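Here is the structure we will look at.
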Amino acid sequence: MVLAKVVGTVVSTQKQEKTEGIKLLLLEKIDAETLKGKNDFVVSMDAVGAGVGEIVFYASGSSARQTSITQGVPTDATIIAIVDLIEKDGKFTYRKE
């Protein structure tokens, strides 16, 4: 799993039928301590109802196809969790509002 921030949405009107109805989001990988973006982006399918501005975990590779929404769907990245808080070395670096 990779920690990232949802920084945008991606719209595609022409796509493979198995991907119809699945929301696509633009993610930027982030540093867990500073929450700063790493300028490393990925387009991900959303399996949990995430929105712009939220911190999420996404799975990649064959693991991205293991959710009930993406089973058998051609994807290489799927958001699998919305993060509520991050604690590192006894300090909270992030708490969802």
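Measuring with a 1.4 Å probe in the full set of protein chains, what accessible area per residue, in whole Å², belongs to the chain?
Here the residues of the chain average 61 Å² of exposed surface.
Starting from 0.36 nm per residue, how many nanometres of slack lie between Asp40 and Lys88 once their C-alpha separation is accounted for?
Working it through step by step, the gained length comes to 15.1 nm.
Expressed as a fraction of 2.2 N^0.38 Å, the rule-of-thumb size for a compact globular protein of N residues, what is the C-alpha radius of gyration of the stretch 1-51?
Here the Cα radius of gyration is 1.25 times the empirical estimate.
Need one number: convex hull volume per residue for the chain, Cα atoms only, in Å³.
Dividing the Cα hull volume of the chain by its residue count gives 98 Å³.
Going by average Cβ neighbours within 10 Å, how do the peptides 14-27, 37-50 rank, with the highest at the top?
Ranking the peptides 14-27, 37-50 by packing returns 37-50, 14-27.
What order, most packed first, do the peptides 52-61, 87-96 have when packing is the mean number of other Cβ atoms within 10 Å of each residue?
Order by mean packing, descending: 52-61, 87-96.
At a 1.4 Å probe radius, carbon and sulfur cover how many percent of the accessible area of the chain?
About 48 percent, which is the carbon plus sulfur part of the accessible surface.
I need the peptides 7-13, 64-70 ranked by packing, meaning the mean over residues of other C-beta atoms within 10 angstrom, with the highest value on top.
Descending mean neighbour count gives 64-70, 7-13.
Could you give me the ³J(HN,Hα) list for the stretch 64-70, computed from phi with Karplus coefficients 6.51, -1.76, 1.60 and θ = phi - 60°, whole Hz, x at Gly and Pro?
Per-residue couplings from phi come out as 5, 9, 9, 8, 5, 7, 9 Hz.
With Cβ to Cβ distances under 11 Å as the rule, what net charge do the other residues near Glu87 carry (K, R +1; D, E -1)?
0
Holding the Cα-Cα limit at 29 Å, pick out from Lys23/Lys88; Lys38/Lys88; Lys18/Lys88 the pairs that are longer than that.
Distance filter (> 29 Å) returns Lys23/Lys88; Lys18/Lys88.
Mind pulling the per residue volume of the convex hull built on the Cα atoms of the stretch 40-97? Å³ is fine.
109
Give me the net charge of Gln71's neighbourhood, meaning all other residues with Cβ under 12 Å from the Cβ of Gln71; Lys, Arg count +1, Asp, Glu -1.
The answer is +2.
The values are calculated or read from the model by the stated rules, or taken from the named source; none is laboratory data. Quantities reported herein were computed from a predicted structural model and do not represent experimental measurements. Note that we place each Cβ from the backbone using ideal geometry, even for glycine, and neighbour counts take in every protein chain shown. For the accessible areas, the whole protein counts, side chains as well, though only heavy atoms, and no ligand, DNA or RNA atoms are used. Shrake-Rupley method; radii C 1.70, N 1.55, O 1.52, S 1.80 Å.
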